[in-house]
1. When you look at A:Val242, is it under 23 Å from the mean Cα position of the chain (by Cα), over 18 Å from A:Gln180 (Cα atoms), outside the structural domain of A:Leu362 (by TED's automatic domain parsing) and surrounded by fewer than 22 Cβ atoms within 10 Å (Cβ to Cβ), yes or no?
2. Residue check: is A:Tyr162 within 11 Å of chain B (Cβ to nearest Cβ), out of contact with any His (no Cβ under 8 Å at 6 or more places or on another chain) and of a type in the set (Ser, Thr, Tyr)?
3. Take the residues in the stretch A:261-315 that are among the small types (Gly, Ala, Ser) and under 21 Å from the mean Cα position of the chain (by Cα), then tell me which one is modelled with the lowest pLDDT.
4. Checking the condition surrounded by 14 or more Cβ atoms within 10 Å (Cβ to Cβ), touching a Phe, Trp or Tyr at 6+ places or on another chain (Cβ under 7 Å) and assigned to a helix (DSSP H, G or I), which residue from B:Gly68, B:Gly102 passes?
5. Look at B:Ala73 and say whether it is surrounded by 15 or more Cβ atoms within 10 Å (Cβ to Cβ), within 14 Å of another protein chain (Cβ to nearest Cβ) and over 23 Å from B:Ala256 (Cα atoms).
6. Name the residues in the stretch B:274-303 that are under 19 Å from A:Asp83 (Cβ atoms), crowded, with 18+ Cβ neighbours inside 10 Å and out of contact with any Ser or Thr (no Cβ under 6 Å at 6 or more places or on another chain), would you?
7. Output the residues belonging to the stretch A:90-140 that are within 15 Å of the chain's Cα centre (by Cα) and among the hydroxyl-bearing types (Ser, Thr, Tyr).
Amino acid sequence: MTRRTIVALALVAALGPLLFAGPAGAQWPGVTPTEIKIGNTNPYSGPASAYGTIGKALTAYFKKVNDEGGINGRKINFVTLDDGYSPPKTVEMVRRLVEQDQVAFVFQTLGTPTNSAIHKYLNEQKVPHLFVATGATKWGDPRNFPWTMGWQPTYQTEGHIYAQYVLKNVPNPKIGILYQNDDYGKDYVKGLKDGLGEAGRKLIVLEQSYEVTDPTIDSQIVNLKNSGANVFYNVTIPKFAVQAIKKSHDIGWKPLHLLNNVSASVDVVLKPAGLEASRDLITALYLKDPTDPQWKNDQGMKDWLAFMQKYYPEGNTKDAFNVYAYTVAQGLVHVLKQCGNDLSRENVMRQAANIKNLSLPLLLPGIKVNTGPTDFYPIEQEQLARFDGERWALFGEVHDAGKK
Amino acid sequence: MSRGQGWRRAIVLAAIAIACALPFLLSNFRLFQFTQVFIYAIALLGLNILTGFNGQISLGHGAFYALGAYTTAIMIDRWSVPYGWTIPVAGLLCLTAGFLFGIPALRLEGLYLALATFALALAVPQILKYFEHWTGGSQGIVLSKPGAPLGLTLSPDQWLYFVTLGVLILLFVLGANLLRGRTGRAIVAIRDNPIAAQAMGVNGALYKSLTFGVSAAYTGVAGALSALAIAFVAPDAFNVFLSITFLVGIVIGGLASISGAIFGGLFVQFVPNWAQEISKAAPWAIYGIFLIVFMYAMPRGIAGALRLAGARLARFRG
């Protein structure tokens with residue numbers, strides 16, 4: 001062998017892997033011909049660890065997708081890290097995902113403060129920040145934050161729907177409000193007030209708040225009753241929703257009771273509060289409640305139960321968060337399928353903003369996912385339901401906040 | 001003795017040289033992590049001055065960390081003050097707050113003080129939500145990461161790393177001078193035997209309040225730097241767990257040791273991440289095991305263990 005051949009061979013050996021790596025894959029971060037790497041943070045520990053089940057259910061769902069062959073031949077590598085619901089930790093973990101693990105995009109990061117901490121960073125880095133798990137309104141702002149997109153109906157949307165219902169159906173409404181003193185509670189109240197309009201705002205006779213650390217809200221309920229309110233807008237998380245339903249029943253207060261969707265679970269809230277006390281509650285729904293008997297024979301619910309048994313047996317089949325996770329994971333799979341073989345970050349974002357009338361098995365009948373280049377709110381429809389003592393009876397038409 | 005001091009100086013200089021070289025060797029993400037180590041180290045030195053040297057236990061230093069962070073965030077967000085000025089202001093504000101808190105706290109000893117400061121840590125996230133007009137409530141305040149000044153070709157992460165390193169060195173030199181001199185002896189004497197210290201003419205009340213103030217100032221400066229590094233503040237970042245993390249950091253690093261603050265910072269930053277790598281299902285159980293192993297193997301913290309090893313080595317050679 002001449003020296004030249006040796007040099008040539010060495011060159012081929014050195015450059016070979018580069019030449020034969022194939023055209024697809026190498027050009028996009030987090031994507032190879034056999035894999036898509038997706039990043040996520042969830043509070044597996046800390047004060048909000050009840051949400052951790054969402055991350056576990058997502059992981060389980062992607063395992064199911066991979067077992068069934070992946071998406072266009074690519075397996076999903078879902079890297080989910082614990083941030084303990086602490087914004088500085090979220091920043092560190094998301095930077096790790098983007099800069100070190102080189103994920104293709106970030107999906108379903110959970111929490112309003114935690115997502116606020118990474119909002120600017122991900123948009124500067126031009127990394128898709130898809131379907132964030134929070135009901136705040138600020139995630140659908142494509143003009144200023146073209147790389148961030150929400151998922152669920154916002155709390156303000158829901159408040160809006162209740163306002164319309166009250167204005168249309170209650171003669172002489174006098175509204176009493178109980179809300180949690182944080183961004184979640186205030187968003188709900190803002191939605192209601194915006195829906196009532198300038199004139200309608202006078203209909204609110206009393207606003208009471210509580211801190212998430214309070215032991216009870218009994219005195220607030222008594223105050224609301226004494227205010228003479230005939231509409232009760234109940235913006236509380238499950239623990240306090242149970243107390244509120246019980247207490248108002250016990251003291252014989254019978255207003256039109258609007259219960260926020262956050263606490264609409266039959267098993268977690270209404271049964272502990274008492275099914276009789278819960279009769280005639282009104283809420284707005286977009287997902288099927290796994291504890292509501294009306295979905296017992298629903299095909300989507302049966303598939304979900306089979307999935308839970310096979311891939312997430314330790315998960316709670318009464319927990320609506322697992323329905324939520326299953327549905328949003330299906331939404332993402334739809335987007336990735338729509339991307340075809342172009343998994344560049346630009347195209348992932350373009351396809352996420354190009355969902356047309358997608359129905360998913362655990363969304364209520366008639367509710368569809370829709371996005372567009374200027375519409376970054378995927379689910380904007382909800383339907384009102386009245387509790388008949390056993391199940392949520394849907395009534396009226398599907399409200400669509402997207403249609404102005 | 002002089003030989004030992006020479007060695008110590010050489011080690012410190014070598015550490016600074018390595019720290020200055022890191023920005024050109026590591027990725028921006030790793031630099032961000034080391035910036036956080038330095039920030040924790042400053043906060044830990046603050047707490048160590050109070051707890052390690054002066055013997056007052058605080059479970060509420062997260063509150064001063066939050067005060068420093070919010071001072072910086074509000075000054076930048078509301079009044080567009082250049083970020084460099086906000087750091088000393090945060091330190092001074094926390095010095096005053098700490099001094100004032102130290103006066104009533106003088107009546108409380110040991111565990112009672114721990115409880116009083118714990119109350120402070122519990123209250124802070126809610127107080128921050130109450131003054132929503134200033135603090136942005138639970139939504140927090142979003143900041144921009146400061147870039148390097150004109151003429152320096154450094155990334156924002158590299159620049160912030162150097163700023164933090166500079167503040168760290170300054171505060172550690174000041175701290176070392178304070179603690180190794182007359183004042184330091186008085187602070188330690190109050191811890192070891194308050195009655196004897198009073199008999200020697202040390203004004204216990206004044207020294208205790210001042211120590212509380214200085215300690216809070218260090219932690220406040222760390223908080224201010226963290227607001228810049230994270231570029232976001234929110235009440236959820238300053239819960240009770242942060243205060244407990246600080247206490248863990250000084251005990252693991254080494255009580256009453258200046259270098260211990262650095263080791264504590266490394267522990268606080270990296271061990272929870274390792275724990276998560278080892279087990280996703282029970283990261284805090286793994287963290288607990290790490291804690292127990294460290295305490296069992298190095299009861300005087302990492303700094304104490306290194307000192308012991310150094311002494312053994314010297315005896316072996318001598």
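1. On the way: under 23 Å from the mean Cα position of the chain (by Cα): yes; over 18 Å from A:Gln180 (Cα atoms): no; outside the structural domain of A:Leu362 (by TED's automatic domain parsing): yes; surrounded by fewer than 22 Cβ atoms within 10 Å (Cβ to Cβ): yes.
So A:Val242 fails the test.
2. Considered against the rule, which asks whether it is within 11 Å of chain B (Cβ to nearest Cβ), out of contact with any His (no Cβ under 8 Å at 6 or more places or on another chain) and of a type in the set (Ser, Thr, Tyr), A:Tyr162 comes out as no.
3. Taking the candidates together, the pick is A:Ser265.
4. B:Gly102
5. Judged against the criteria, B:Ala73 is a match.
6. B:Ala275, B:Gln276, B:Pro283, B:Tyr287
7. A:Thr109, A:Thr112, A:Thr114, A:Thr134, A:Thr137
One line per residue, one yes/no per condition, for (1) touching a strand residue (DSSP E or B) at 6+ places or on another chain (Cβ under 6 Å); (2) of a type outside the set (A, V, I, L, M, F, W, C); (3) facing another protein chain (nearest Cβ under 10 Å); (4) in contact (Cβ under 8 Å) with a residue 12 or more places away in the chain:
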| position | (1), (2), (3), (4) |
| --- | --- |
| A:Thr32 | no, yes, no, yes |
| A:Glu68 | no, yes, no, no |
| A:Ile71 | no, no, no, yes |
| A:Arg95 | no, yes, yes, yes |
| A:Val98 | no, no, yes, yes |
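The values are calculated or read from the model by the stated rules, or taken from the named source; none is laboratory data. The model shown is predicted, which means the values in this text are computed figures rather than measured ones. Neighbour counts are summed over all protein chains in view; Cβ atoms, including those assigned to glycine, are modelled from backbone coordinates with ideal geometry.
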